Amino acid sequence: MTQSRISRISIPLLYLLTGALCILIVQMPYWGAPSDQLFAWLKAWQLGIVGILAGGLIFSVFKRKTSRVWWEALLNVVIPLGLWYALLLLNLPFGGSIILASLLTLVYLLMRNVFVHNIFYVLGSVGVALNFTFLFPVQVLIAGLVAFGLYDIVTGRSAEVIDKLAKKLSPFGFVPGLIIPISIKDLWTEVDSAHRSHALILGLTEIVLPITLIARSAFWGSWQPWVVLAGVLTGSLVLLFKRSGLYGSALAPLSAGALTPFIILYIYHISHIT
């Protein structure tokens, strides 16, 4: 399938949006420490995301399920939790955060068009990435992205995994990932119609893992995360213009684009604090 012009523009813009949101949330000024109530909710959401992912992965080992498909399905399960987690991190008045998260969830369930679907998934992906950022050390984040990137290179099954999952979920009105429309007017079509019209689907693994490194580098200074974001954008451009595009190893160029500046900046960071 030939990628349309809107597809070529949308994918880098998607990484720019998610990466910038991660940076802004990490570096935004906070008006005092979170209340005990808000802190308790943040911990509950954090444990919920990790618990679902860890429990699902353990279950998949015993059931011998296809690991990449299962992982992608688990990420879709925790996307609503990720959205709530991201909004709670804004440190708004507690009631306002709950109302806003509830409204966005309700809009997502009732308005099943591509635009609303993508907004919900962007915020959810940012929340899951921030959860990984706060929970895991740098070495684990690097190892995770390297492992998934190598797996993607060996199998080259990114599109196959997403298509397989989409066929299972689309009859229920769900599409497992961000929908890259063929044209602007497709933003307002129903999600299942967009999938049937051969819109591209970008898996959550390709979104969450690279922007996790962007979020982590935001703790090192004001300019460092933008360098990592530039690397991810470079990887997305390589992804678009390589022959196989999203249909080969989608995570490989994104991993290389994120890891190269991240590791260099990490070495620079630790050398200046020791």
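The values are calculated or read from the model by the stated rules, or taken from the named source; none is laboratory data. Computed from a predicted model, the values in this text were never measured in an experiment. Please note: Cβ atoms are built from the backbone with ideal geometry, for glycine as well, and neighbour counts cover all protein chains shown.
The criterion of being among the hydroxyl-bearing types (S, T, Y), at pLDDT 80 or above, under 16 Å from L178 (Cα atoms) and not in a loop (DSSP other than H, G, I, E, B) does not hold for Y85.
Tell me, which residue of segment 121-140 that is more than 14 Å from the chain's Cα centre (by Cα) and either modelled with pLDDT under 85 or assigned to a helix (DSSP H, G or I) (or both) is surrounded by the most Cβ atoms within 10 Å (Cβ to Cβ)? For segment 121-140, the residue satisfying everything is V138.
Taking the criterion of being surrounded by fewer than 21 Cβ atoms within 10 Å (Cβ to Cβ) and either in contact with a strand residue (DSSP E or B) (Cβ under 9 Å, 6 or more places away or on another chain) or more than 21 Å from Q46 (Cα to Cα) (or both), the residues of segment 104-115 that qualify are L106, V107, Y108, L109, L110, M111, R112, N113, F115. Residues in segment 88-97 that are free of Cβ contacts under 8 Å to residues at least 12 places away in the same chain and part of a helix (DSSP H, G or I): 2 in all. With respect to the stated conditions, Y108 fails to be in a helix (DSSP H, G or I), of a type outside the set (A, V, I, L, M, F, W, C) and in contact (Cβ under 8 Å) with a residue 40 or more places away in the chain. Restricting attention to segment 28-61 and to residues that are modelled with pLDDT of 65 or more and touching a Ser or Thr at 6+ places or on another chain (Cβ under 9 Å), the residue that is farthest from I79 (Cα to Cα) turns out to be L38. Scan segment 198-238 for residues that are under 21 Å from I267 (Cα atoms), within 14 Å of the chain's Cα centre (by Cα) and assigned to a loop (DSSP other than H, G, I, E, B) and report the count. Number satisfying all stated conditions: 0. Only one entry of F262, F219, F241 meets the criterion of being modelled with pLDDT of 85 or more, more than 30 Å from M111 (Cβ to Cβ) and out of contact with any Gly (no Cβ under 8 Å at 6 or more places or on another chain), and that entry is F219.
Every condition in (1) closer than 22 Å to L13 by Cα; (2) surrounded by fewer than 15 Cβ atoms within 10 Å (Cβ to Cβ); (3) not charged (D, E, K, R) holds for N118 except the one numbered (2).
The residue that is nearest to the chain's Cα centre (by Cα), counting only those in segment 252-274 that are hydroxyl-bearing (S, T, Y), surrounded by fewer than 16 Cβ atoms within 10 Å (Cβ to Cβ) and in a helix (DSSP H, G or I), is T260.
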